[in-house]
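Engineer: Before I ask anything, let me first share the structure, which is written out below as structure tokens.
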Amino acid sequence: MLAYCRTSRRGFAKAGLGTLGLAIALALPAGAAHAQEKFPSKPIEVVTHAGVGGGTDLTARMMMVQAPAAFGTELVVANKTGGSGSASLAYAHSRPKDGHTIMLITQTHLLTLLQDKGGAVKMGDLIGLARATEDPQVLMVGAKSPYKTAQEFIEAAKTKPMKFGTTQLGSVDHIAVAGFAAKAGMAKPVVVPFRGGGDIVVNLVGGNLDGALLNYAEAESQIKANEVRALLVFAPTKMESLSQTPTATEIGIPAVYSTTRGFAVLKGTPEDRIKVLEEGLIKAMQGKLFQDYLKSSGQSGGSVVGRAEWQAQIDDFLKTGQEALASLGIAK
């Protein structure tokens, strides 16, 4: 303990603390010294599983514009790609649990944990800090599609298996496609995996797919160029950027699907630092620049929420995601 305090008995005496002061100091728990440390005391690392320029990477960088003022320190992005989030989880696990490393996670990380592919990180190790985005998924078809409305698409899909593009088997969009089909009474869809949303959009435009569930930003230019048609929004309320497109609820299908991004730390991070991180993140994301980013990219204006609501959403997805993977026959 003397070595930890870096102060000798003689040093305490010189400071006027004497034997009583030394006894009190030695009796203090290690956490007391930690509690008095300034936090953050160095740059905060934001770990993402996305490459530079991807939607998750962009979300991190938009948050970081006003974050230095909120935290009193700089933030840096660490792009750790690979393994459907497993590489970023492994990297975060290798860092000290002192609050100076945070993660920006999506449902992809949670699906990886559900399949026991997170390495040393297990379900229950993620502690939510604040949600950043709720990016609704949208049923889209190519401009040459014979289906002009969601109702026409669904009616046809009840007798004809529709070919949907997804990013990969067992992904968030694959689960959403299967859930949508079941709730709408459609025939089991044919799922074709692609490398990413860009490839799916190209194949929609080319007529190689009947439909896809995509985020607005992934096909924004094609929608504006009338190359892709948005038929249905899987959000609780209408999207401002697609004001003429109905929600699934409006046509009688109780389905809400989105790509959700939020910040988290790993279990073991001190509670007082978690509170500082939550408050700083919310302050940064409630700023005009981040709110303008949400609006311009077609994301929910109510995206930003605090720790309690975000953690509840994480826990709920871990439950429903396990059920969805089991229904698809790909659960661990």
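Please treat every number below as a calculation from the coordinates, not as lab data. Computed from a predicted structure; not experimentally measured. Don't worry about glycine lacking a Cβ; one is built from the backbone with ideal geometry, like all the others, and counts go over all protein chains shown.
Engineer: Quick check: the distance between the Cα centres of region 264-332 and region 177-215, to the nearest angstrom?
Structural biologist: With region 264-332 and region 177-215 each reduced to a Cα centre, they are spaced 26 Å.
Engineer: Measure off 7 Å from each Cα along the Cα-to-Cβ vector at LYS122 and ASN208, then give the distance between these two points in nanometres to one decimal.
Structural biologist: Placing both labels 7 Å along Cα→Cβ, they lie 4.2 nm apart.
Engineer: Select from GLY55, VAL77, SER258 the residue farthest towards the positive end of the dipole of the chain; place +1 on Cβ of Lys and Arg, -1 on Cβ of Asp and Glu, and compute about the Cα centre.
Structural biologist: Ranked along the dipole, the leading option is VAL77.
Engineer: Looking at this model, which pairs from LYS38/LYS267; LYS80/LYS295; LYS238/LYS288; LYS97/LYS117; LYS283/LYS319; LYS267/LYS295 are more than 25 angstrom apart at the alpha-carbon?
Structural biologist: LYS80/LYS295; LYS283/LYS319; LYS267/LYS295
Engineer: What is the chain's relative contact order, in percent, from Cα pairs under 8 angstrom and six or more apart in sequence?
Structural biologist: Reported relative contact order: 24 percent.
Engineer: By how many nm would the segment from LYS295 to SER327 lengthen if fully extended, with 0.36 nm per residue of separation less the alpha-carbon distance?
Structural biologist: Gain on stretching LYS295 to SER327: 8.0 nm.
Engineer: Right, here's the next one. Given all pairs of different Cα atoms, what value in angstroms does the Kirkwood hydrodynamic radius of region 135-251 take?
Structural biologist: Averaging 1/r across every pair of different Cα atoms and inverting gives 13.8 Å.
Engineer: Which residue fluctuates the most in the chain, going by a Gaussian network model with Cα springs under 10 Å, if the choices are LEU139, LEU289, LEU104?
Structural biologist: LEU289
Engineer: Identify which of ASN215, ASN203, ASN226 has the largest mean-square fluctuation in a Gaussian network model of the chain, with springs joining Cα atoms closer than 10 Å.
Structural biologist: Among ASN215, ASN203, ASN226, the largest GNM mean-square fluctuation belongs to ASN226.
Engineer: How about region 56-156: which trypsin sites (Lys or Arg not before Pro) there are in a DSSP loop, with at most 13 other Cβ atoms within 10 Å of their Cβ?
Structural biologist: LYS122, LYS144, LYS148
Engineer: Here's another thing I want to ask about it. Using θ = phi - 60° and the Karplus relation 6.51 cos²θ - 1.76 cosθ + 1.60, list the HN-Hα couplings for region 46-63 in order, rounded to whole Hz, with x at every Gly or Pro.
Structural biologist: 10, 8, 10, 9, 9, x, 4, x, x, x, 6, 4, 5, 4, 4, 5, 5, 4
Engineer: Another question about this same structure. Using only Cα atoms, locate the centre of region 71-108 and the centre of region 37-64, then give the distance between them in Å, rounded to an integer.
Structural biologist: The two parts, judged by their Cα centres, are 8 Å apart.
Engineer: Whose amide H sits under 5 Å from the amide H of VAL305, counting only residues 5 or more places off or on another chain, with H placed in the peptide plane?
Structural biologist: ARG131
Engineer: Just want the ordering: VAL233, VAL141, from fewest to most Cβ atoms lying within 10 Å of their own Cβ.
Structural biologist: Going from sparsest to densest Cβ surroundings: VAL141, VAL233.
Engineer: Further question: For THR166, list long-range residues whose amide hydrogen, built 1.01 Å from N in the peptide plane, is under 5 Å from its own amide hydrogen.
Structural biologist: Long-range HN contacts for THR166: VAL192, PHE194.
Engineer: Let's see if you can work this out: charge +1 on each Lys and Arg Cβ, -1 on each Asp and Glu Cβ, no other charges. What is the dipole magnitude of the chain about its Cα centre, in debye to the nearest 20?
Structural biologist: 840 debye
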